[in-house]
Amino acid sequence: MSAADAARLGTGLAFVVVPLVFVFAFATHPGLLRPRVLRPEELIDRSRGRRLLHAGHGLVTLNAGLMIVVALYLGSVVTSHGASWAGLVGTVLAVLGTVCLAADKGALCLTMSALEGLSDDEFAAARPALSAIFAKKGWLWLLWGIVLIPLGFAVLAIAALASGATSPWVAILLLVGVLFIGFPDGAEIVNLGAAITMAAGLVPFGLSLMIQ
């Protein structure tokens, strides 16, 4: 196998894995059928003792690397089809947002998994610190950069649709998915639907790359 073939297979696998990880991660959230906006304190309570939820968040953290692969490939494809500015802007926004996503999962979600061994009294003593973290105090405001993810991938999807860089259905399903995948914590049923929509477009696209 040549290096080019390995890169093609790896890129195709990234397109397959990225949306499926999101499907799994959102499906592990409790209260899917009771969508509501959760306050920081409620997010802390919801994370307590949820080992499957922590596993999903861990996978999303690792998934960030594959998301960058997807963004770079889409950017190169739309650029090669004449949408060079859209490719550049969309890629930059998507990559920056993905970096913030990895930081978000590390700061908020993986931190909660580290506290699973604490007693109830020890956990109660840690709540003020956790409240500051979940309220994104200090430099944690940078985590709001995750809003760049739907913006960046939406630019790439629109450019792919307009330039014919991908099948229209791939671009449309990606666009619909990324626009709805950023719903606030507590409305994961919407995020899950968005992830499934993305998977419907990206998984076949990734498989087609792998079997070329």
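The values are calculated or read from the model by the stated rules, or taken from the named source; none is laboratory data. The shown structure was predicted, so the numbers you read here are calculated from the model rather than taken from an experiment. Cβ placement follows ideal geometry from the backbone for every residue including glycine, while neighbour counts extend to all protein chains displayed. We work out accessible area using only protein heavy atoms, side chains counted, and drop any ligands, DNA or RNA first. Shrake-Rupley method; radii C 1.70, N 1.55, O 1.52, S 1.80 Å.
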Original post:
Condition test on Leu33, is it closer than 15 Å to Thr98 by Cα, out of contact with any Ser or Thr (no Cβ under 7 Å at 6 or more places or on another chain) and open to solvent by 20 Å² or more (accessible area, probe 1.4 Å)?
Top reply: no
**OP:** Quick one: Gly82 ticks every box in (1) closer than 27 Å to Gly206 by Cβ; (2) among the small types (Gly, Ala, Ser); (3) in a helix (DSSP H, G or I) except a single one, so which number is it?
**Re:** (3)
Subject >> Count of residues meeting criterion [surrounded by fewer than 21 Cβ atoms within 10 Å (Cβ to Cβ), on the phi < 0 side of the Ramachandran plot and of a type in the set (Gly, Ala, Ser)] in the range 155-180 >> reply: 3
**OP:** Kindly check whether there is at least one residue in the range 118-126 that is open to solvent by less than 50 Å² (accessible area, probe 1.4 Å), modelled with pLDDT under 95 and over 20 Å from Thr79 (Cβ atoms).
**Re:** yes
**OP:** Report, by residue number, each residue of the range 81-98 that is more than 30 Å from Leu43 (Cα to Cα) and surrounded by 18 or more Cβ atoms within 10 Å (Cβ to Cβ).
**Re:** Ala83, Ala86, Gly87, Gly90, Thr91
**OP:** Would you kindly identify the helices (runs of 4 or more DSSP H) lying entirely within the range 114-181 that contain at least 3 residues that are farther than 16 Å from Ala200 by Cα and over 19 Å from the mean Cα position of the chain (by Cα)?
**Re:** 120-134, 148-163
Original post:
Within the range 68-80, restricting attention to residues that are crowded, with 17+ Cβ neighbours inside 10 Å, touching a residue at least 24 places away in the same chain (Cβ under 8 Å) and of a type outside the set (A, V, I, L, M, F, W, C), which residue is farthest from Ile158 (Cα to Cα)?
Top reply: Tyr73
**OP:** Name every residue in the range 45-81 that is under 18 Å from Asp185 (Cβ atoms) and polar (S, T, N, Q), in order of residue number.
**Re:** Ser47, Thr61, Asn63
**OP:** Give the range 115-149 a look and list any residue that's under 19 Å from Ala64 (Cβ atoms) and among the small types (Gly, Ala, Ser), or say none.
**Re:** Gly145
**OP:** May I ask you to say which residue of Leu101, Leu59 is open to solvent by 30 Å² or more (accessible area, probe 1.4 Å) and part of a helix (DSSP H, G or I)?
**Re:** Leu59
Subject >> Selection within the range 181-208 - open to solvent by 10 Å² or more (accessible area, probe 1.4 Å) and touching a Gly at 6+ places or on another chain (Cβ under 7 Å) >> reply: Thr197, Met198, Leu207
Subject >> Cβ-Cβ under 9 Å pairs, at least 6 apart or on other chains, the range 1-27 side in contact (Cβ under 8 Å) with a residue 60 or more places away in the chain and more than 17 Å from Leu192 (Cβ to Cβ), far side of a type in the set (Phe, Trp, Tyr) and open to solvent by 60 Å² or more (accessible area, probe 1.4 Å) >> reply: Thr11/Tyr73; Ala14/Tyr73; Phe15/Tyr73
Original post:
So which residues in the range 40-92 are in contact with a Phe, Trp or Tyr (Cβ under 8 Å, 6 or more places away or on another chain) and of a type in the set (A, V, I, L, M)?
Top reply: Leu43, Ile44, Leu59, Val60, Val70, Ala71, Leu74
